[in-house]
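Laboratory data are not the source of any read-out in this text; all were calculated from the coordinates shown. Because the structure is a prediction, the values reported are computed rather than measured. Cβ atoms come from the backbone with ideal geometry, glycine included; neighbour counts cover every protein chain shown.
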């Protein structure tokens, strides 16, 4: 279930609970390594004049950038990592 609030979206009931379950986490550096920030930006945000950013020193994304002219474009074109490749990497690294 998704609850909407004025400035945030909370997904309710999606986190494992119980004394023995620990939620696995991936920081934004790992998301970048997997090619997911590029995909999120190019497939969703850039069309809206937005771009996700992160601090590579901390692995934290504190903000989304807004383009002055409403467009974002990567200087270099790279192949996009497929869903299957991402799932394999995550499985190989023990995430699931």
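Using 7 Å Cα-to-Cβ label points, what is the residue 39/residue 24 separation (nm, one decimal)?
1.5
Using 0.36 nm per residue, how much length does the chain from residue 67 to residue 91 gain when fully extended, once their Cα-Cα distance is taken away?
5.1 nm is the gain from fully extending residue 67 to residue 91.
Over segment 26-92, what is the mean sequence separation of C-alpha contacts under 8 Å (at least six apart), divided by residue count, expressed as relative contact order in percent?
Worked out over segment 26-92, it gives 31 percent.
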